[in-house]
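The structure appears right after this line, and notes come after that.
The values are calculated or read from the model by the stated rules, or taken from the named source; none is laboratory data. On a predicted model such as this, the values are computed, not experimentally measured, just so you know. Positions of Cβ are backbone-derived with ideal geometry, glycine not excepted, and every protein chain shown enters the neighbour counts.
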């Protein structure tokens, strides 16, 4: 496979990269280089090419005018030249796109047999080139947004002409991309569906990796900081971000300056890009740098705050190592699309404090460590820093988080998943259902804890499904979103289904070719008496605690709470004359659904659509959000690991085996192992 990435903005070159050299030379370049390097090492990849824009600027260096730069044995950078040789910021690239598009098509035409099999566009400007290549050469393409313009607007803010044009390009890219790769659940499940609700059916969440090139030295870091700090032996609060307003670095200095206890206890070190001085950079950079120095001066923080003009990759590694010695890493951004520096910090064993807006919510949940803060409140920032510094278990949590970071965020895993997605785009799998065979059975199995939980059981289930003839159609239904369901199935190497019943039975997604499409008929059926605003008003009076924004769906309100909370909420709805289904699970989650939704109702709907009766349905599950389907059908399977919240169920086969092995055992118990059947999940 030949892969081509397209990324036009910033100073993209072979490592080492001078991050912060311009306002557009940031995390997306680390992402592209890390992804491309990992892909180039795969046995199924012939070549990886990164296409970017060429420019000449004496202050930035001559390498960016070179037409080609070799990064590794199977990885190179090609630069598109046009008559405009100036460095252009991201916003200024729009006017140059027609000429860049012509140069890109000429490049592809010249490549002939060495033309890429698939393109991966980064940002919407690159997507314009990918769309031109699709029209000219029929090339499929993936899209990664990195940072969507609409997310930068304040509530009620009207975008100006430049931002409006960028929003329009992003919407076009989301609608036209053959596949979308996102880093966080917030991006995949909230931001992108706001642009196009149907995009979830072709969107994939893959956690990126980090490229750490140096071992850190706390001793070197203290030497580096000594010219700036009166007491360099103190622990540090470390922040690394480009000096742009959305990164909210000034608020971090304000929070530190307003907290005498933090000032006495720790130093503050901010790596805010690279600069020649206070002035002479891009206007936004100069404004932020000036505001940082003003805040330091107003709070008399000289000798407590370090704002070095220059740093390199080794300095960064050293400072992470220093922050791991009793300090903390802080990302206070107004909105952070993902947060690669948080993953870097975690790799070095640094406790993290981060904005609650965007990707860091995923990271803190995945690492099971870290503090989330409200970036609009300096008090919240200071409190988050205190909680981290005061946590008596901070060292153990940071060590565990470092292991989780290495497991869940690595480029090898990213490249493997992206490779499978690319293969699907190049050879779209046909629906597993055989049109010449009737649907004789429907097997509805929970995913988490039922099909997953035991690698051997999952492998056996996968092998059973792959036998083929006995399984005319495969579907899953889950408490997860469609995107998260696909991610978990991929993580466990389980086959992709024809149908996904998602979000605790409030959404049905069916596969057509390589994409999934929402069932409008089921949506209309369950939405007829769905009154979420009225329900939320009642929940507000009850003081309910909501799960993160990405867990809130159009037909599902997700809360934190136990079974007694669910009962209290249900009673309040009844008193208010509101109809809703309240589902408790895992002793900590509560989902509120339309009364016509739920796993049992969704499975009945699918069974009826295929001409099956309830007697033709077999279900399997292990938790409370499976209770309705386990109680609704006479052929029910409960694996040995089923939670106590299902003990009250009187019917069903309780397998002595756990997880997927229990499902297979139940299938055999009901005499279905050799029969044609359809499978629907969780």
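Condition first: at pLDDT below 95, in a helix (DSSP H, G or I) and within 26 Å of residue 215 (Cβ to Cβ). Can you find one or more residues in region 320-329 that meet it? Checked region 320-329: no residue is at pLDDT below 95, in a helix (DSSP H, G or I) and within 26 Å of residue 215 (Cβ to Cβ). Looking only at region 232-248, filter to residues that are assigned to a loop (DSSP other than H, G, I, E, B) and within 28 Å of the chain's Cα centre (by Cα); which one of those is surrounded by the most Cβ atoms within 10 Å (Cβ to Cβ)? The selected residue is 243.
Within the span defined as region 610-617, one or more residues are under 25 Å from residue 672 (Cα atoms), at pLDDT below 95, touching a helix residue (DSSP H, G or I) at 6+ places or on another chain (Cβ under 6 Å) and buried (at least 20 other Cβ atoms within 10 Å of the Cβ). The residue list 382, 369, 376 contains one member that is outside the structural domain of residue 155 (by TED's automatic domain parsing), over 11 Å from residue 352 (Cα atoms) and outside any helix (DSSP H, G or I), which is 376. Scanning region 97-115 for residues that are closer than 14 Å to residue 78 by Cβ and part of a helix (DSSP H, G or I) turns up 100, 103, 104, 105, 106, 107, 108, 109, 110, 111, 114. Scanning region 116-133 for residues that are over 22 Å from residue 92 (Cβ atoms) and in a loop (DSSP other than H, G, I, E, B) yields a total of 2.
I'd like to check something: does region 134-150 contain any residue that is in contact (Cβ under 8 Å) with a residue 60 or more places away in the chain, on the phi > 0 side of the Ramachandran plot and buried (at least 24 other Cβ atoms within 10 Å of the Cβ)? No: region 134-150 contains no residue that is in contact (Cβ under 8 Å) with a residue 60 or more places away in the chain, on the phi > 0 side of the Ramachandran plot and buried (at least 24 other Cβ atoms within 10 Å of the Cβ).
Scoring residue 280 on the criteria (1) touching a residue at least 60 places away in the same chain (Cβ under 8 Å); (2) on the phi > 0 side of the Ramachandran plot leaves a single failure, condition (1). Of the residues making up region 595-616, those that are closer than 22 Å to residue 583 by Cα and in contact (Cβ under 8 Å) with a residue 40 or more places away in the chain are 595, 596, 597, 598, 599, 600, 601, 602, 603, 605, 606. Restricting attention to region 300-316, the residues that are touching a strand residue (DSSP E or B) at 6+ places or on another chain (Cβ under 9 Å) and either at negative phi or crowded, with 17+ Cβ neighbours inside 10 Å (or both) total 9. Within region 349-359, if we keep just the residues that are in contact with a helix residue (DSSP H, G or I) (Cβ under 7 Å, 6 or more places away or on another chain) and without any contact (Cβ under 8 Å) to a residue 60 or more places away in the chain, the residue that is farthest from residue 152 (Cα to Cα) turns out to be 349.
Of the residues in region 20-32, at least one is at negative phi, touching a residue at least 60 places away in the same chain (Cβ under 8 Å), out of contact with any strand residue (DSSP E or B) (no Cβ under 8 Å at 6 or more places or on another chain) and not in a loop (DSSP other than H, G, I, E, B).
If you check residue 170 against the conditions, is it crowded, with 18+ Cβ neighbours inside 10 Å and farther than 30 Å from residue 115 by Cβ? Criteria not met by residue 170. Beta carbons closer than 6 Å, at least 6 apart along the sequence or on distinct chains, never pair a first residue in region 305-330 that is farther than 16 Å from residue 223 by Cα and assigned by TED's automatic domain parsing to the domain that holds residue 22 with a second that is modelled with pLDDT of 95 or more and part of a loop (DSSP other than H, G, I, E, B). Scan region 568-588 residue by residue and report those that are closer than 14 Å to residue 623 by Cβ and either assigned by TED's automatic domain parsing to the domain that holds residue 501 or without any contact (Cβ under 8 Å) to a residue 60 or more places away in the chain (or both). Of everything in region 568-588, those that are closer than 14 Å to residue 623 by Cβ and either assigned by TED's automatic domain parsing to the domain that holds residue 501 or without any contact (Cβ under 8 Å) to a residue 60 or more places away in the chain (or both) turn out to be 586, 587, 588. Considering each residue of region 424-437 in turn, at least one proves to be at pLDDT below 85 and in contact with a helix residue (DSSP H, G or I) (Cβ under 9 Å, 6 or more places away or on another chain).
When the residues of region 98-116 are narrowed to those that are in contact (Cβ under 8 Å) with a residue 40 or more places away in the chain and in contact with a helix residue (DSSP H, G or I) (Cβ under 6 Å, 6 or more places away or on another chain), which ends up nearest to residue 170 (Cα to Cα)? Here the residue is 104. Quick check, is residue 595 surrounded by fewer than 24 Cβ atoms within 10 Å (Cβ to Cβ) and under 16 Å from residue 505 (Cα atoms)? For residue 595, the condition - surrounded by fewer than 24 Cβ atoms within 10 Å (Cβ to Cβ) and under 16 Å from residue 505 (Cα atoms) - is met. Take residue 43 and decide whether it is in the same structural domain as residue 82 (by TED's automatic domain parsing), within 24 Å of the chain's Cα centre (by Cα) and outside any strand (DSSP E or B). So residue 43 fails the test. In region 72-92, the count of residues that are within 31 Å of the chain's Cα centre (by Cα), assigned to a helix (DSSP H, G or I), surrounded by 15 or more Cβ atoms within 10 Å (Cβ to Cβ) and touching a residue at least 60 places away in the same chain (Cβ under 8 Å) is one or more. Per the listing 268, 262, 274, the residue uniquely under 29 Å from residue 324 (Cα atoms), in the same structural domain as residue 353 (by TED's automatic domain parsing) and assigned to a helix (DSSP H, G or I) is 262.
Filtered by the rule that a residue be touching a helix residue (DSSP H, G or I) at 6+ places or on another chain (Cβ under 8 Å) and not in a helix (DSSP H, G or I), region 278-299 gives 278, 279, 280, 281, 299.
Here residue 251 passes the criteria (1) in a loop (DSSP other than H, G, I, E, B); (2) assigned by TED's automatic domain parsing to the domain that holds residue 378 except the one numbered (1). Within region 563-584, identify whether any single residue is touching a strand residue (DSSP E or B) at 6+ places or on another chain (Cβ under 8 Å), loosely packed, with under 15 Cβ neighbours inside 10 Å and part of a strand (DSSP E or B), and answer yes or no. Within region 563-584, none of the residues are touching a strand residue (DSSP E or B) at 6+ places or on another chain (Cβ under 8 Å), loosely packed, with under 15 Cβ neighbours inside 10 Å and part of a strand (DSSP E or B).
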